[in-house]
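Since the structure comes first, as structure tokens, the remarks are kept for the end.
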Amino acid sequence: MLILRLLNVIAPFYFLALCLVTFALQVFFFLPSMYSGALPSTAPLLHAVFFFFLLLNVLGNYTLVTRNTPADVRGSARYSPAPAGSHFCRLCHRMTLKHDHHCFFTGNCVGGSNIRNFVLFCFYTACSCFYSMVLGVAYISALFSLSFASPLTFLRLLPLSIERFFSGALLCSEMFLVLMLYLWFGVGLACTGFCCHQMLLILRGQTQYQARKRRPWRANLLQVFGKKWILGLLLPVLNVQSDPYRPKGD
């Protein structure tokens, strides 16, 4: 529990630091490089407007998630006894309705009052990471004279950068930018997967807490394939456990 509490404090600072570094790289590296290239004069302005649109939605939805923590229903006569779907969070020390999960990056619980903003936060964070990664790849391509026409180039970029860095041919700032490309890629993939998972639960009318309370996957497999599943793989036998109301003599 101590480790979880420590993570609950560190993770928000990690997210805000990532936003600050991304903002600095966009303003001081990516956007100025567009003026010296062959792009139209309006291209830097369009890129700046789009990036600030993404950043506004990321920070705006992040703020709404943190400021709209689900209310604590303990001691409320309206919710006595605790209704189905409520859950007590040991980190927040509160019982919330439609509890989904506790997010360490926002430092609070996600439930019925802020789930919408949380899904949008994940969506725009993924878009911001992938957009920054694309601009970073374009910047690195011009800096290293590399062609990213082949996807394998992105995989070979890190070993090549490490070799150049230790040989003195690569600056610390350039090496840091290469590492940020992979960080953006990882965070973008994680947010995309989490956003898709949340949308799937929303379409099913479930929360993560309700989904975790379902029967374990082993019990589901046993219901379909039975305890003698090895025999069923070798011989065409009937699994009578799949239909408990079927007469055994049939």
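The values are calculated or read from the model by the stated rules, or taken from the named source; none is laboratory data. No experiment lies behind these values; they were computed from the predicted model shown. Don't worry about glycine lacking a Cβ; one is built from the backbone with ideal geometry, like all the others, and counts go over all protein chains shown. What goes into the accessible areas is simple: the full protein's heavy atoms, side chains included, and nothing from ligands, DNA or RNA. Shrake-Rupley method; radii C 1.70, N 1.55, O 1.52, S 1.80 Å.
Consider Leu54 carefully, then state whether it is open to solvent by less than 90 Å² (accessible area, probe 1.4 Å) and modelled with pLDDT of 90 or more.
So Leu54 fits the description; yes.
Among the residues of the range 88-98, is any outside any helix (DSSP H, G or I), of a type in the set (A, V, I, L, M, F, W, C), in contact with a Pro (Cβ under 7 Å, 6 or more places away or on another chain) and modelled with pLDDT of 90 or more?
For the range 88-98, residues outside any helix (DSSP H, G or I), of a type in the set (A, V, I, L, M, F, W, C), in contact with a Pro (Cβ under 7 Å, 6 or more places away or on another chain) and modelled with pLDDT of 90 or more: absent.
Would you check if there is a residue in the range 120-139 being assigned to a strand (DSSP E or B) and buried (at least 18 other Cβ atoms within 10 Å of the Cβ)?
Within the range 120-139, not a single residue is assigned to a strand (DSSP E or B) and buried (at least 18 other Cβ atoms within 10 Å of the Cβ).
On the basis of being surrounded by fewer than 13 Cβ atoms within 10 Å (Cβ to Cβ), at pLDDT 85 or above and of a type in the set (A, V, I, L, M, F, W, C), does Leu45 make the cut?
Considered against the rule, which asks whether it is surrounded by fewer than 13 Cβ atoms within 10 Å (Cβ to Cβ), at pLDDT 85 or above and of a type in the set (A, V, I, L, M, F, W, C), Leu45 comes out as yes.
Can you find, within the range 197-219, the residue that is surrounded by the most Cβ atoms within 10 Å (Cβ to Cβ) among those that are part of a helix (DSSP H, G or I) and at pLDDT 80 or above?
Checked the range 197-219; the qualifying residue surrounded by the most Cβ atoms within 10 Å (Cβ to Cβ) is Gln198.
Please work out which residue is farthest from Ser141 (Cα to Cα), limiting yourself to the range 166-189 and to residues that are in a helix (DSSP H, G or I) and at pLDDT below 90.
Ser173
Any idea which residue in the range 146-157 is farthest from Trp184 (Cα to Cα), counting only those that are of a type in the set (A, V, I, L, M), open to solvent by 50 Å² or more (accessible area, probe 1.4 Å) and in a helix (DSSP H, G or I)?
Ranking the candidates gives Leu152 first.
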